[in-house]
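Colleague: Take this structure first; my questions come after.
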Amino acid sequence: MDKHFEEDLKKAREFHGHLCSGIIFGVRIARAGLNYLGIEEPAENKDFIVFVEADRCLSDAVQAVTGCSLGKRRLKWIDYGKMGASFIDMKTLKGIRIVVNTKENPSPDQDALSFWNQFTDEQIFKFEKILVDIRPEDLPGRPTRSVKCEACHEKVMDGREIIKDGKVLCKACAGDAYYKKI
Ligand SMILES: [Zn+2]
Ligand SMILES: [Zn+2]
């Protein structure tokens, strides 16, 4: 077990609110990803970026352990519904994707922590070396540009506007709204 495990687990449990298999996976995946990038103290390294593939427990653990967050633009949520995460060196855009890959499952009366402790990372995760394509407007730092939507007049940052029938529109006004006004 990684020497940071107890401390990482504590951080993740406090951030997430409970201990579950997803948190255990996330803590182990995050540390394996950091180890791959050669990072021991994530708080002292801002040169990596993390992708998570579901809005579930595991992602909270990855955030708690790596310190990468949406607001810092170093956590990217890709809505695949998969228990996986990728850890990318921002200079090379290369890194590792790690996905839960096991048929094992603790029974409800079993302690999740001691159950998963029986397995090595290699036994329960799949590892893939990857290269990602990150657009300049998705990188950390000041917004590259911002425009005003011609319909609602709200400000749109980072190239998220859409040109439709010759008009500059936000995604909501262009027809991709997640809400309806009531
Ligand atoms: Zn949970
Ligand atoms: Zn608009």
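The values are calculated or read from the model by the stated rules, or taken from the named source; none is laboratory data. Model, not experiment: these values are computed from the prediction. Glycine also receives a Cβ, built like all others from the backbone with ideal geometry; neighbour counts cover every protein chain displayed. In case anyone asks, the SASA skips ligands and DNA or RNA and just uses the protein heavy atoms, side chains included. Shrake-Rupley method; radii C 1.70, N 1.55, O 1.52, S 1.80 Å.
Colleague: Regarding residue 85, is this residue away from ligand 1 (no atom under 16 Å from the Cβ), touching a residue at least 12 places away in the same chain (Cβ under 8 Å) and of a type in the set (Gly, Ala, Ser)?
Modeller: So residue 85 does not fit the description; no.
Colleague: Also, quick follow-up: Among the helices (runs of 4 or more DSSP H) confined wholly to region 1-80, which include 3 or more residues that are within 23 Å of residue 94 (Cβ to Cβ), open to solvent by 10 Å² or more (accessible area, probe 1.4 Å) and away from ligand 2 (no atom under 16 Å from the Cβ)?
Modeller: Here the list reads 21-37.
Colleague: Looking for something more than 30 Å from residue 26 (Cα to Cα) and open to solvent by 90 Å² or more (accessible area, probe 1.4 Å) - is there at least one such residue anywhere in region 120-132?
Modeller: For region 120-132, residues more than 30 Å from residue 26 (Cα to Cα) and open to solvent by 90 Å² or more (accessible area, probe 1.4 Å): absent.
Colleague: Is there any pair with a first residue in region 67-82 that is of a type outside the set (A, V, I, L, M) and a second that is open to solvent by 40 Å² or more (accessible area, probe 1.4 Å) and outside any loop (DSSP other than H, G, I, E, B) whose Cβ atoms are under 8 Å apart and which are 6 or more apart or on different chains, and what are they?
Modeller: Cβ pairs passing all conditions: 67/43; 69/63; 77/70.
Colleague: Now, a different point. What are the residues in region 152-179 that are loosely packed, with under 14 Cβ neighbours inside 10 Å and within 24 Å of the chain's Cα centre (by Cα), if any?
Modeller: 157, 160, 176, 177, 178
Colleague: In addition: Tell me which of these residue 106 doesn't satisfy, since it passes every other one: (1) modelled with pLDDT of 95 or more; (2) within 16 Å of ligand 1 (Cβ to nearest atom); (3) assigned to a loop (DSSP other than H, G, I, E, B).
Modeller: With respect to (1) modelled with pLDDT of 95 or more; (2) within 16 Å of ligand 1 (Cβ to nearest atom); (3) assigned to a loop (DSSP other than H, G, I, E, B), residue 106 is out only on (1).
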